[in-house]
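Written out below as structure tokens is the structure these notes cover.
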Amino acid sequence: MKHAGSCHCGRIAFELEGEVDKAMDCNCSMCRRRGALLAFYPREALRLSTPEADMATYTFNKHALQHRFCPACGIAPFSEGVDPRTGAKTVAVNVRCLPDVDLDALSITKVDGASF
Ligand SMILES: [Zn+2]
């Protein structure tokens, strides 16, 4: 299943290959402010269709994750990182940036990121 995703203005656009049926609602210092619903995929499941250089990047805490966001509209469609157990590149997609996904149909798991 392919899902088109983007920031609000379209400067960041991508296609995600995978099922979107569940997401995480995290209460860490960043997620609680951003309001994202996140779902994790292998990095190669996301194909960026706009230039990498058009994205801005934010990191905090251990700087393990690259939180990508649009410098024009401010929306943060996904974050990139590495699975500490396997070393595999992963991406956490903000499923709110996938317009064809019915957010009310998702199974939402609350994650206590504030305690990590
Ligand atoms: Zn934008």
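Which residue pairs have Cβ atoms closer than 7 Å, lie 6 or more positions apart in sequence or on different chains, and pair a first residue in region 28-42 that is within 16 Å of residue 70 (Cα to Cα) with a second residue that is outside any loop (DSSP other than H, G, I, E, B) and polar (S, T, N, Q)?
36/94
Going by what's in this entry, would residue 45 be described as away from the ligand (no atom under 16 Å from the Cβ), closer than 22 Å to residue 107 by Cα and touching a residue at least 60 places away in the same chain (Cβ under 8 Å)?
no
Does residue 64 satisfy the condition of being under 22 Å from residue 88 (Cβ atoms) and touching a strand residue (DSSP E or B) at 6+ places or on another chain (Cβ under 7 Å)?
Taking the combined requirement at face value, the residue satisfies it.
Please specify each residue of region 50-105 satisfying the condition of being closer than 15 Å to residue 5 by Cβ and among the small types (Gly, Ala, Ser).
Within region 50-105, 76, 79, 92 qualify.
Read the figures in this text as sums done on the coordinates, not as results from a lab. Since we're looking at a predicted model, the values are computed, not measured. Counting neighbours? That spans all protein chains shown, and the Cβs are built from the backbone with ideal geometry, glycine included.
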